[in-house]
Amino acid sequence: MIELEGVPELIDPVMVAAFEGWNDAGDAASTAVGHLDREWKGEVFAALDAEDYYDFQVNRPTVFLEGGARKITWPTTRLSVVRVGGPKPRDLVLVRGIEPSMRWRSFCNEILGFAHELGVEMVVILGALLGDTPHTRPVPVTGVTSDPDLARTMDLEETRYEGPTGIVGILQEACTHAGVPAVSLWAAVPHYVSQPPNPKATLALLNRLEDLIGLRIPLGELAEDARAWQLGVDQLAAEDSEVAEYVQSLEEARDTAELPEASGEAIAREFERYLRRRDGQPGGHATDSGSSQPDTGSGPYLRDTGTGGGPGGAAGRPRPPKPSPKDDAPATDPPQPEDKDNDPDPKDEPKSED
(Lines give C-alpha, C1' and ligand atoms only; values in the text may rest on other atoms or scores of the structure.)
Protein backbone atom coordinates (compact mmCIF):
# COMPACT_ATOMS: atom_id res chain seq x y z
CA MET A 1 0.00 0.00 0.00
CA ILE A 2 1.31 3.45 -0.92
CA GLU A 3 1.15 5.96 1.93
CA LEU A 4 0.88 9.60 0.85
CA GLU A 5 1.56 12.13 3.58
CA GLY A 6 1.40 15.87 3.07
CA VAL A 7 -0.58 15.63 -0.17
CA PRO A 8 -3.96 17.40 0.16
CA GLU A 9 -7.17 16.01 -1.29
CA LEU A 10 -7.00 16.76 -5.00
CA ILE A 11 -9.63 18.36 -7.22
CA ASP A 12 -10.53 16.42 -10.40
CA PRO A 13 -6.90 15.28 -10.77
CA VAL A 14 -5.38 14.32 -14.12
CA MET A 15 -1.99 12.60 -14.29
CA VAL A 16 0.34 13.88 -17.04
CA ALA A 17 3.46 11.79 -17.67
CA ALA A 18 6.51 11.85 -19.95
CA PHE A 19 9.71 9.82 -20.03
CA GLU A 20 13.11 10.58 -21.50
CA GLY A 21 14.51 8.06 -23.93
CA TRP A 22 13.04 6.17 -26.86
CA ASN A 23 9.64 7.89 -26.65
CA ASP A 24 11.02 11.44 -26.44
CA ALA A 25 12.38 12.67 -29.79
CA GLY A 26 13.93 16.11 -29.44
CA ASP A 27 13.16 15.93 -25.69
CA ALA A 28 9.80 17.43 -26.67
CA ALA A 29 7.61 15.39 -24.29
CA SER A 30 9.78 15.54 -21.17
CA THR A 31 10.31 19.27 -21.75
CA ALA A 32 6.54 19.77 -21.91
CA VAL A 33 6.00 18.17 -18.49
CA GLY A 34 8.99 20.10 -17.15
CA HIS A 35 7.38 23.30 -18.42
CA LEU A 36 4.14 22.52 -16.55
CA ASP A 37 6.09 21.78 -13.37
CA ARG A 38 8.06 25.01 -13.65
CA GLU A 39 5.19 27.32 -14.60
CA TRP A 40 2.87 26.01 -11.89
CA LYS A 41 5.60 25.48 -9.28
CA GLY A 42 5.06 21.79 -8.75
CA GLU A 43 5.91 20.20 -5.41
CA VAL A 44 7.61 16.81 -5.55
CA PHE A 45 5.91 14.34 -3.20
CA ALA A 46 7.38 11.01 -4.32
CA ALA A 47 10.26 9.45 -6.23
CA LEU A 48 10.59 5.84 -7.32
CA ASP A 49 13.56 3.85 -6.03
CA ALA A 50 16.24 4.15 -8.70
CA GLU A 51 17.77 0.79 -7.67
CA ASP A 52 14.59 -1.01 -8.74
CA TYR A 53 14.31 0.23 -12.30
CA TYR A 54 17.54 1.68 -13.71
CA ASP A 55 20.80 0.27 -15.02
CA PHE A 56 23.33 2.83 -13.84
CA GLN A 57 25.73 1.90 -16.64
CA VAL A 58 23.05 3.08 -19.07
CA ASN A 59 21.63 6.01 -17.08
CA ARG A 60 24.54 7.15 -14.96
CA PRO A 61 24.17 9.16 -11.75
CA THR A 62 25.68 12.63 -11.68
CA VAL A 63 27.90 14.24 -9.04
CA PHE A 64 27.61 17.90 -8.09
CA LEU A 65 28.90 20.28 -5.44
CA GLU A 66 26.58 22.02 -3.01
CA GLY A 67 28.06 24.26 -0.33
CA GLY A 68 31.42 22.57 -0.80
CA ALA A 69 29.95 19.08 -0.27
CA ARG A 70 29.77 16.50 -3.04
CA LYS A 71 26.31 15.07 -3.71
CA ILE A 72 24.86 12.55 -6.13
CA THR A 73 21.69 12.77 -8.20
CA TRP A 74 20.34 9.35 -9.12
CA PRO A 75 18.34 8.80 -12.31
CA THR A 76 14.72 8.14 -11.34
CA THR A 77 11.09 9.10 -11.89
CA ARG A 78 9.56 11.80 -9.71
CA LEU A 79 5.94 12.75 -9.08
CA SER A 80 4.80 16.27 -8.27
CA VAL A 81 1.43 17.93 -7.85
CA VAL A 82 0.28 21.34 -9.07
CA ARG A 83 -2.98 23.17 -8.49
CA VAL A 84 -4.34 25.17 -11.42
CA GLY A 85 -6.48 28.04 -10.16
CA GLY A 86 -9.31 29.86 -11.87
CA PRO A 87 -13.12 29.64 -11.91
CA LYS A 88 -12.84 25.83 -11.98
CA PRO A 89 -9.62 24.86 -10.16
CA ARG A 90 -8.06 21.52 -10.99
CA ASP A 91 -5.03 19.54 -9.91
CA LEU A 92 -2.42 17.87 -12.08
CA VAL A 93 -0.16 15.03 -10.98
CA LEU A 94 3.03 15.33 -13.04
CA VAL A 95 5.19 12.27 -13.65
CA ARG A 96 8.60 12.94 -15.16
CA GLY A 97 11.53 10.58 -15.42
CA ILE A 98 13.60 8.30 -17.61
CA GLU A 99 12.33 5.23 -19.39
CA PRO A 100 13.22 2.39 -16.98
CA SER A 101 15.86 -0.16 -17.85
CA MET A 102 14.08 -3.11 -16.21
CA ARG A 103 10.95 -4.34 -14.39
CA TRP A 104 8.51 -2.35 -16.50
CA ARG A 105 5.42 -4.09 -15.12
CA SER A 106 6.37 -3.26 -11.53
CA PHE A 107 7.20 0.30 -12.63
CA CYS A 108 3.73 0.76 -14.15
CA ASN A 109 2.07 -0.81 -11.11
CA GLU A 110 3.78 1.74 -8.86
CA ILE A 111 2.60 4.62 -11.04
CA LEU A 112 -0.93 3.20 -11.06
CA GLY A 113 -0.78 2.79 -7.28
CA PHE A 114 -0.18 6.51 -6.91
CA ALA A 115 -2.94 7.25 -9.43
CA HIS A 116 -5.39 5.14 -7.42
CA GLU A 117 -4.48 6.67 -4.06
CA LEU A 118 -4.76 10.20 -5.44
CA GLY A 119 -8.08 9.60 -7.20
CA VAL A 120 -6.71 10.33 -10.67
CA GLU A 121 -9.55 10.50 -13.22
CA MET A 122 -7.45 10.17 -16.37
CA VAL A 123 -3.82 9.56 -17.35
CA VAL A 124 -2.32 11.51 -20.27
CA ILE A 125 1.07 10.30 -21.49
CA LEU A 126 3.11 12.57 -23.76
CA GLY A 127 5.48 11.23 -26.39
CA ALA A 128 7.46 12.44 -29.39
CA LEU A 129 8.54 10.46 -32.44
CA LEU A 130 10.67 10.92 -35.53
CA GLY A 131 8.66 11.28 -38.72
CA ASP A 132 8.67 12.40 -42.34
CA THR A 133 7.33 15.83 -41.50
CA PRO A 134 8.75 19.21 -42.61
CA HIS A 135 9.86 21.66 -39.96
CA THR A 136 8.07 24.46 -41.83
CA ARG A 137 4.57 23.09 -41.22
CA PRO A 138 2.49 22.81 -38.03
CA VAL A 139 3.63 19.94 -35.84
CA PRO A 140 1.29 16.94 -36.19
CA VAL A 141 0.01 15.76 -32.82
CA THR A 142 -1.88 12.48 -32.69
CA GLY A 143 -4.07 11.46 -29.77
CA VAL A 144 -4.53 7.70 -29.33
CA THR A 145 -6.20 5.44 -26.81
CA SER A 146 -6.95 1.75 -26.34
CA ASP A 147 -10.45 2.52 -25.07
CA PRO A 148 -13.04 2.64 -27.90
CA ASP A 149 -15.51 4.62 -25.78
CA LEU A 150 -12.85 7.19 -24.90
CA ALA A 151 -11.81 7.41 -28.54
CA ARG A 152 -15.38 8.21 -29.52
CA THR A 153 -16.18 10.72 -26.78
CA MET A 154 -12.88 12.62 -26.95
CA ASP A 155 -12.33 12.51 -30.72
CA LEU A 156 -9.22 10.34 -30.47
CA GLU A 157 -7.83 7.53 -32.59
CA GLU A 158 -8.27 3.99 -31.32
CA THR A 159 -4.83 2.44 -31.63
CA ARG A 160 -4.47 -0.57 -33.92
CA TYR A 161 -0.68 -0.68 -33.91
CA GLU A 162 1.30 -3.90 -33.51
CA GLY A 163 5.07 -4.02 -33.03
CA PRO A 164 7.86 -2.92 -30.65
CA THR A 165 6.86 -0.39 -28.01
CA GLY A 166 8.31 1.81 -25.30
CA ILE A 167 7.26 2.62 -21.74
CA VAL A 168 4.54 4.95 -23.07
CA GLY A 169 2.78 2.04 -24.77
CA ILE A 170 3.23 -0.24 -21.77
CA LEU A 171 1.88 2.32 -19.29
CA GLN A 172 -1.11 3.07 -21.50
CA GLU A 173 -2.02 -0.62 -21.70
CA ALA A 174 -1.51 -1.03 -17.95
CA CYS A 175 -3.95 1.84 -17.35
CA THR A 176 -6.49 0.28 -19.71
CA HIS A 177 -6.31 -3.10 -17.98
CA ALA A 178 -6.67 -1.37 -14.59
CA GLY A 179 -9.78 0.49 -15.75
CA VAL A 180 -8.10 3.92 -15.71
CA PRO A 181 -8.89 6.10 -18.77
CA ALA A 182 -5.60 6.73 -20.58
CA VAL A 183 -4.61 8.80 -23.61
CA SER A 184 -1.28 9.19 -25.39
CA LEU A 185 -0.44 12.41 -27.26
CA TRP A 186 2.33 12.10 -29.86
CA ALA A 187 4.17 14.94 -31.57
CA ALA A 188 6.01 14.18 -34.82
CA VAL A 189 9.55 15.61 -34.94
CA PRO A 190 11.35 16.02 -38.31
CA HIS A 191 13.85 13.18 -38.47
CA TYR A 192 16.44 15.38 -40.21
CA VAL A 193 16.53 17.79 -37.25
CA SER A 194 16.10 15.48 -34.28
CA GLN A 195 18.53 16.89 -31.73
CA PRO A 196 17.00 18.58 -28.69
CA PRO A 197 15.60 20.96 -27.89
CA ASN A 198 12.55 21.19 -30.14
CA PRO A 199 10.36 23.94 -28.64
CA LYS A 200 7.97 23.82 -31.60
CA ALA A 201 7.04 20.20 -30.83
CA THR A 202 6.84 20.95 -27.10
CA LEU A 203 4.48 23.84 -27.83
CA ALA A 204 2.29 21.64 -30.03
CA LEU A 205 1.98 19.02 -27.27
CA LEU A 206 0.98 21.65 -24.72
CA ASN A 207 -1.61 23.13 -27.07
CA ARG A 208 -3.17 19.70 -27.63
CA LEU A 209 -3.07 19.01 -23.89
CA GLU A 210 -4.98 22.26 -23.35
CA ASP A 211 -7.72 21.05 -25.66
CA LEU A 212 -7.86 17.63 -24.02
CA ILE A 213 -8.12 18.64 -20.37
CA GLY A 214 -9.68 22.09 -20.78
CA LEU A 215 -7.00 24.10 -18.96
CA ARG A 216 -5.22 27.28 -19.97
CA ILE A 217 -1.47 26.58 -19.92
CA PRO A 218 0.88 29.57 -19.51
CA LEU A 219 3.39 29.33 -22.34
CA GLY A 220 5.95 31.89 -21.19
CA GLU A 221 8.64 32.34 -23.84
CA LEU A 222 7.98 29.01 -25.49
CA ALA A 223 6.19 30.47 -28.54
CA GLU A 224 9.08 32.86 -29.20
CA ASP A 225 11.60 30.05 -28.75
CA ALA A 226 9.66 27.99 -31.30
CA ARG A 227 9.80 30.79 -33.87
CA ALA A 228 13.52 31.26 -33.36
CA TRP A 229 14.08 27.50 -33.68
CA GLN A 230 12.31 27.35 -37.03
CA LEU A 231 14.14 30.38 -38.39
CA GLY A 232 17.44 28.80 -37.39
CA VAL A 233 16.57 25.52 -39.13
CA ASP A 234 15.40 27.49 -42.20
CA GLN A 235 18.80 29.14 -42.44
CA LEU A 236 20.74 25.90 -42.10
CA ALA A 237 18.54 24.08 -44.59
CA ALA A 238 18.89 26.90 -47.14
CA GLU A 239 22.67 26.43 -47.15
CA ASP A 240 22.35 22.97 -48.70
CA SER A 241 20.40 22.58 -51.94
CA GLU A 242 19.78 18.87 -51.37
CA VAL A 243 18.27 19.51 -47.96
CA ALA A 244 16.18 22.37 -49.33
CA GLU A 245 14.83 20.12 -52.08
CA TYR A 246 14.09 17.36 -49.59
CA VAL A 247 12.21 19.74 -47.30
CA GLN A 248 10.22 21.00 -50.29
CA SER A 249 9.25 17.43 -51.19
CA LEU A 250 8.04 16.85 -47.63
CA GLU A 251 6.04 20.06 -47.77
CA GLU A 252 4.36 19.04 -51.01
CA ALA A 253 3.53 15.58 -49.66
CA ARG A 254 2.13 17.06 -46.44
CA ASP A 255 0.03 19.68 -48.22
CA THR A 256 -1.35 17.13 -50.67
CA ALA A 257 -2.29 14.74 -47.87
CA GLU A 258 -4.04 17.46 -45.87
CA LEU A 259 -5.94 19.02 -48.78
CA PRO A 260 -9.01 16.76 -48.46
CA GLU A 261 -9.25 17.65 -44.75
CA ALA A 262 -9.67 21.37 -45.44
CA SER A 263 -13.44 20.96 -45.12
CA GLY A 264 -15.90 23.35 -43.54
CA GLU A 265 -16.12 21.12 -40.46
CA ALA A 266 -12.33 21.05 -40.01
CA ILE A 267 -12.08 24.82 -40.43
CA ALA A 268 -14.87 25.29 -37.88
CA ARG A 269 -13.03 23.13 -35.35
CA GLU A 270 -9.84 25.16 -35.76
CA PHE A 271 -11.78 28.41 -35.45
CA GLU A 272 -13.31 27.21 -32.18
CA ARG A 273 -9.82 26.47 -30.88
CA TYR A 274 -8.72 29.96 -31.87
CA LEU A 275 -11.64 31.54 -30.01
CA ARG A 276 -10.76 29.57 -26.88
CA ARG A 277 -7.18 30.85 -27.00
CA ARG A 278 -7.47 34.41 -28.26
CA ASP A 279 -7.41 35.86 -24.73
CA GLY A 280 -4.36 33.77 -23.83
CA GLN A 281 -0.73 33.84 -24.86
CA PRO A 282 -0.20 35.59 -28.23
CA GLY A 283 1.16 33.50 -31.06
CA GLY A 284 1.33 30.36 -29.03
CA HIS A 285 -0.56 27.81 -31.10
CA ALA A 286 1.96 25.67 -32.96
CA THR A 287 -0.70 23.45 -34.48
CA ASP A 288 -2.56 26.31 -36.12
CA SER A 289 0.23 28.27 -37.72
CA GLY A 290 1.60 27.94 -41.22
CA SER A 291 4.98 28.48 -42.80
CA SER A 292 4.33 32.19 -43.35
CA GLN A 293 4.20 32.68 -39.54
CA PRO A 294 6.50 29.96 -38.21
CA ASP A 295 6.09 28.79 -34.63
CA THR A 296 9.54 27.86 -33.99
CA GLY A 297 13.54 27.98 -30.41
CA SER A 298 17.11 28.32 -30.16
CA GLY A 299 19.70 25.69 -30.90
CA PRO A 300 18.71 24.27 -34.30
CA TYR A 301 20.64 21.22 -35.51
CA LEU A 302 20.51 19.30 -38.75
CA ARG A 303 21.84 15.79 -38.98
CA ASP A 304 22.22 13.06 -41.54
CA THR A 305 19.73 10.46 -40.32
CA GLY A 306 21.16 7.97 -42.75
CA THR A 307 23.74 7.14 -40.09
CA GLY A 308 21.07 5.83 -37.74
CA GLY A 309 22.68 7.52 -34.73
CA GLY A 310 20.80 8.84 -31.75
CA PRO A 311 20.24 12.50 -30.86
CA GLY A 312 23.89 12.73 -30.01
CA GLY A 313 24.86 12.02 -33.62
CA ALA A 314 26.77 14.31 -35.94
CA ALA A 315 25.26 17.75 -36.49
CA GLY A 316 25.92 20.12 -39.32
CA ARG A 317 25.14 19.94 -43.03
CA PRO A 318 23.13 16.78 -43.70
CA ARG A 319 22.21 14.97 -46.83
CA PRO A 320 18.48 14.25 -47.07
CA PRO A 321 17.91 10.63 -46.04
CA LYS A 322 16.09 8.25 -48.29
CA PRO A 323 12.66 7.26 -46.99
CA SER A 324 12.71 3.85 -45.31
CA PRO A 325 9.97 1.20 -45.37
CA LYS A 326 7.36 1.73 -42.68
CA ASP A 327 7.49 -1.77 -41.29
CA ASP A 328 8.88 -1.57 -37.77
CA ALA A 329 6.98 0.88 -35.61
CA PRO A 330 6.53 0.43 -31.87
CA ALA A 331 3.37 -0.98 -30.37
CA THR A 332 0.41 1.05 -29.14
CA ASP A 333 2.18 4.28 -29.92
CA PRO A 334 2.67 6.03 -33.25
CA PRO A 335 6.22 5.83 -34.72
CA GLN A 336 8.93 6.20 -32.16
CA PRO A 337 12.22 8.01 -31.68
CA GLU A 338 15.66 6.58 -31.16
CA ASP A 339 16.91 5.82 -27.66
CA LYS A 340 18.98 8.85 -26.75
CA ASP A 341 20.80 6.99 -24.02
CA ASN A 342 22.17 4.26 -26.27
CA ASP A 343 22.69 5.08 -29.91
CA PRO A 344 21.02 2.13 -31.63
CA ASP A 345 22.10 0.24 -34.65
CA PRO A 346 20.23 1.52 -37.75
CA LYS A 347 18.29 -1.72 -38.07
CA ASP A 348 16.89 -1.21 -34.54
CA GLU A 349 15.78 2.37 -35.06
CA PRO A 350 11.98 2.71 -34.94
CA LYS A 351 10.24 3.59 -38.20
CA SER A 352 7.13 5.59 -38.88
CA GLU A 353 3.77 3.85 -38.56
CA ASP A 354 1.26 3.98 -41.40
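Points worth noting:
- Scanning the range 95-150 for residues that are modelled with pLDDT of 95 or more, of a type in the set (D, E) and touching a helix residue (DSSP H, G or I) at 6+ places or on another chain (Cβ under 7 Å) gives a single hit, E99.
- Count of residues meeting criterion [of a type in the set (G, A, S) and out of contact with any strand residue (DSSP E or B) (no Cβ under 9 Å at 6 or more places or on another chain)] in the range 37-51: 1
- Whichever residue in the range 85-109 is open to solvent by 20 Å² or more (accessible area, probe 1.4 Å) and in a strand (DSSP E or B) and, among such residues, is nearest to G34 (Cα to Cα): R96
- Only one of V82, V44, V58 that is more than 17 Å from the chain's Cα centre (by Cα), assigned to a loop (DSSP other than H, G, I, E, B), surrounded by fewer than 21 Cβ atoms within 10 Å (Cβ to Cβ) and aliphatic (A, V, I, L, M): V58
- Members of the range 157-172 that are within 19 Å of the chain's Cα centre (by Cα) and in a loop (DSSP other than H, G, I, E, B): T159, Y161, P164, T165, G166
- Residue count, the range 173-206 (criterion: among the polar types (S, T, N, Q), assigned to a helix (DSSP H, G or I) and at pLDDT 95 or above): 1
- Check on L112, in a strand (DSSP E or B) and either open to solvent by less than 50 Å² (accessible area, probe 1.4 Å) or of a type outside the set (K, R) (or both): no
- Complete set of residues in the range 115-132 that are within 30 Å of D255 (Cα to Cα) and assigned to a loop (DSSP other than H, G, I, E, B): D132
The values are calculated or read from the model by the stated rules, or taken from the named source; none is laboratory data. If you're wondering where the values come from, they're calculated on a predicted model, not measured in any experiment. Don't worry about glycine lacking a Cβ; one is built from the backbone with ideal geometry, like all the others, and counts go over all protein chains shown. Note: accessible area is taken over every heavy atom of the protein model, side chains too, but ligands, DNA and RNA are not part of it. Shrake-Rupley method; radii C 1.70, N 1.55, O 1.52, S 1.80 Å.
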